[in-house]
Amino acid sequence: MDFVKAYHLSQFIDTFALGHYARVLEAQDLQTGQTVAFKVLRPEHVDYGDEPRWEYRAFANEVELLATLADVPQAVDLLDCGYISAGEEAPQGGEIISFRLDTLGFEQAMREMAAQGWRPYITMPALPRNQNLFYVMRSNQAAVRWRLPSEEGLSLALQFGHLLEQAHRRGIVYLDHKLEHVYWDGNRLIVIDFNSSRKLNGGVADPQSFRMDIHNLCVGILYSVFT
Ligand SMILES: Nc1ncnc2c1ncn2[C@@H]1O[C@H](COP(=O)(O)OP(=O)(O)O)[C@@H](O)[C@H]1O
Ligand SMILES: [Mg+2]
């Protein structure tokens, strides 16, 4: 299918907190009419040796984990996943193969798509920039430290705890606690970026890494929220 028939891209929305793996643009999903965040592998990671690079494989990992956590309200919703042929950072045209929520189909196609130089993408609801905790806390301004009201901080902490509890029960450790991965509207927490997260072998309990995940919530997020 033609890319321009599937998505209409507008501006980059990752500019205040660039990630290593991906670029993220606001887009309109022309099938559903919904405004979405379109997260696509950076062009520099597409090179194919014997194996797709780990940045490439991280998309399959993220898709699998988001599908596993689909019923947990604090994990961002996955709306679509697939591959595009365009090589530009902001794709201009070319072809798209969309798997929607057929996450197994997406994973099975990965090797072949990588060999052809196509790039993986996922889409999620577009979350408002002014609800990103990195933005809320003004973390990009030297010498400025904001904090949340204590009751909001407590609610955020409990909701993050719920997400980790559900993830750990399914053998998943989050691992990537950063302010820029957390959205807070004053009431409801949504966490993004599961491509560095890990599903432990067979979901076997590993108390040490679960404890570290909770520790990282405290130092990576809650310290900034409460102090
Ligand atoms: N669903 C979303 N809605 C709005 N902005 C998003 C969304 N997902 C990602 N972003 C923005 O893009 C940035 C990079 O996305 P992220 O998933 O962290 O990519 P990476 O895997 O490269 O670290 C985020 O810090 C955030 O600013
Ligand atoms: Mg990130």
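Bear in mind these aren't lab numbers, they're just calculated from the coordinates by the rules spelled out. Not measured: the values here are computed from a predicted model. Positions of Cβ are backbone-derived with ideal geometry, glycine not excepted, and every protein chain shown enters the neighbour counts.
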**Prompt:** Simple spin-label model, 7 Å along Cα-to-Cβ: residue 187 to residue 71 in nm?
**Reply:** 2.4 nm
**Message:** Are there any GluC sites (Glu not before Pro) in the stretch 11-100 that are in a DSSP loop and have at most 16 other Cβ atoms within 10 Å? List them by number.
**Reply:** 88, 89
**Asked** Can you give the relative contact order of the stretch 3-125 as a percent, counting alpha carbon pairs under 8 Å and 6+ residues apart?
**Response** 29 percent
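For the chain, what does the relative contact order come out to in percent, with C-alpha contacts under 8 Å and a separation of six or more? Before the final figure, lay out the partial values.
Numbers: 398 pairs, mean separation 45.5, N = 227.
RCO, the chain: 20 percent.
Rounded, prolate or oblate: pick one for the stretch 129-226, where a ≥ b ≥ c are the square roots of the eigenvalues of its C-alpha gyration tensor, a/c under 1.5 means rounded, and failing that, prolate if a/b is larger than b/c, else oblate.
Prolate.
Of all beta bridges DSSP finds with both residues in the chain, what is the antiparallel percent, to the nearest 5?
Around 95 percent of the beta bridges assigned by DSSP in the chain are antiparallel ones.
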**Fill in**
Per DSSP loop assignment and a cutoff of at most 13 other beta carbons within 10 Å, the chain keeps its longest run without exposed chymotrypsin sites (Phe, Trp or Tyr not before Pro) at 17-145
**Item:** Furthest towards positive pole of dipole, 35, 158, 191, structure part the chain, Cβ charges
**Value:** 158
**Complete:** Candidates 101, 78, 133; GNM for the chain (alpha-carbon contacts under 10 Å) flags as most fluctuating 101
**Prompt:** For the chain, what does the equivalent ellipsoid look like in terms of its semi-axes, each the square root of 5 times an eigenvalue of the Cα gyration tensor, given largest first in whole Å?
**Reply:** 30, 21, 15
**Complete:** Taking only the alpha-carbon positions of the stretch 1-109 as identical scatterers, the Debye log10 I(q)/I(0) at q = 0.15, 0.17, 0.22 Å⁻¹ comes out as -0.66, -0.87, -1.52
**Request:** Would you mind working out the magnitude of the charge dipole of the stretch 129-226 relative to its Cα centre, with +1 at each Lys and Arg C-beta and -1 at each Asp and Glu C-beta, to the nearest 20 Debye?
**Result:** 100 debye
